Amino acid sequence: MQQQRATPVPDIDPGWLERLHPELNASYFAELKRFLRADMATHTVYPPPGRILHAFKATPFNDVRVVILGQDPYHGPGQAHGLSFSVPEGIPPPPSLQNVFKEISRDLGGDPSRSGDLSRWAAQGVLLLNTVLTVRAGEAGSHQGKGWERFTDAAIGALSRERQGIVFLLWGRHAMAKEALIDPERHHILKAPHPSPLSAHRGFLGSGHFGKANELLEANGGGPINWTL
């Protein structure tokens, strides 16, 4: 009798693994994996396989203090590395991230790091989560509707139910659509237009989200995020 092959355990925080284990073993996730294998056989897909779930390793479940929701990964060469809005060291910050840095400078003063690698934020408790975790090269939105949304909704829901006092930064309509998953009696929700050059001038620039987030964290008895690190 042939033994059933065990499902590989992803390299993520044990706290996240405990909450996401039912999703990883659900039938929709098996379908998602089949889709990804087929797409990767014929196209370049970002980020690299070892970085797809990296947000859940970089910021452990019990350490999350702020959530920044992105839509899907950057679709240009070398940009996506598993953290929303972030690019690896040495890759120029894309326009949306440049606007994020502009708002930090306007809001808090000083000069943010020129590096687009936001791992330094993740290490302080900022969950940098895209709602869709993969994308085909050069085709924004190409992996939407394949199952990632259900997976990341489960992650947001677990934070909402089990944690307290998290600051959710919802930028743009796609992120704002996730507001229904967040308990406003337990958490703080700040909303603004997306930092894309197409919409940043409609209210993202001038939103003051970074200072407000720190005020809320400190009011809850926690330390601020060093956004300029």
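The values are calculated or read from the model by the stated rules, or taken from the named source; none is laboratory data. A quick note: this is a predicted structure, and the numbers were derived from the prediction, not measured. Heads up, the Cβs are rebuilt from the backbone with ideal geometry, glycines too, and the neighbour counts pull from every protein chain shown. The protein model used for the area step is the full one, side chains on, heavy atoms only, and it has no ligands, DNA or RNA in it. Shrake-Rupley method; radii C 1.70, N 1.55, O 1.52, S 1.80 Å.
Yes or no, residue by residue, for (1) crowded, with 22+ Cβ neighbours inside 10 Å; (2) farther than 17 Å from THR134 by Cα; (3) free of Cβ contacts under 8 Å to residues at least 24 places away in the same chain:
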{"residue": "HIS21", "(1), (2), (3)": "no, yes, yes"}
{"residue": "SER27", "(1), (2), (3)": "no, yes, yes"}
{"residue": "ALA30", "(1), (2), (3)": "no, no, yes"}
{"residue": "THR42", "(1), (2), (3)": "no, no, yes"}
{"residue": "ARG51", "(1), (2), (3)": "no, no, no"}
{"residue": "ASN62", "(1), (2), (3)": "no, yes, no"}
{"residue": "PRO95", "(1), (2), (3)": "no, yes, no"}
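Filtering segment 1-44 to residues that are touching a Leu at 6+ places or on another chain (Cβ under 7 Å) and either modelled with pLDDT of 95 or more or within 21 Å of SER142 (Cα to Cα) (or both) leaves only ILE12. Checking each residue in segment 213-224 for being within 16 Å of ILE104 (Cα to Cα) and either touching a residue at least 24 places away in the same chain (Cβ under 8 Å) or crowded, with 17+ Cβ neighbours inside 10 Å (or both) picks out ALA213, ASN214.
Only one of these is of a type in the set (Lys, Arg), surrounded by fewer than 21 Cβ atoms within 10 Å (Cβ to Cβ) and touching a Phe, Trp or Tyr at 6+ places or on another chain (Cβ under 7 Å): LYS102, LYS146. Name it.
Sole residue among the options that is of a type in the set (Lys, Arg), surrounded by fewer than 21 Cβ atoms within 10 Å (Cβ to Cβ) and touching a Phe, Trp or Tyr at 6+ places or on another chain (Cβ under 7 Å): LYS146.
Among the residues of segment 120-131, those identified as open to solvent by 10 Å² or more (accessible area, probe 1.4 Å) and either in contact with a helix residue (DSSP H, G or I) (Cβ under 6 Å, 6 or more places away or on another chain) or closer than 17 Å to VAL167 by Cβ (or both) are ALA123, GLN124. Restricting attention to segment 76-100, the residues that are touching a Ser or Thr at 6+ places or on another chain (Cβ under 8 Å), outside any loop (DSSP other than H, G, I, E, B) and not polar (S, T, N, Q) total 2. Of the residues making up segment 6-50, just one is among the basic types (Lys, Arg) and within 24 Å of GLY78 (Cβ to Cβ), namely ARG37. Screening LEU170 against (1) buried (at least 19 other Cβ atoms within 10 Å of the Cβ); (2) within 18 Å of ILE52 (Cα to Cα); (3) in contact with a Leu (Cβ under 7 Å, 6 or more places away or on another chain) leaves a single unmet condition, (2). Inspection of segment 138-152 finds a residue satisfying the criterion of being under 16 Å from LEU53 (Cα atoms), of a type in the set (Asp, Glu) and part of a helix (DSSP H, G or I). Residues of segment 180-212 that are buried (at least 17 other Cβ atoms within 10 Å of the Cβ) and in a strand (DSSP E or B): HIS188, LEU190, ALA192. Taken together, the residues in segment 173-184 that are in contact with a strand residue (DSSP E or B) (Cβ under 8 Å, 6 or more places away or on another chain), in contact (Cβ under 8 Å) with a residue 24 or more places away in the chain and more than 12 Å from THR131 (Cα to Cα) amount to 1. Filtering segment 65-92 to residues that are open to solvent by 10 Å² or more (accessible area, probe 1.4 Å) and touching a helix residue (DSSP H, G or I) at 6+ places or on another chain (Cβ under 7 Å) leaves ARG65, GLN71, HIS81, GLY82, PHE85. For segment 109-133, the tally of residues that are at pLDDT 95 or above and either part of a helix (DSSP H, G or I) or acidic (Asp, Glu) (or both) stands at 5.
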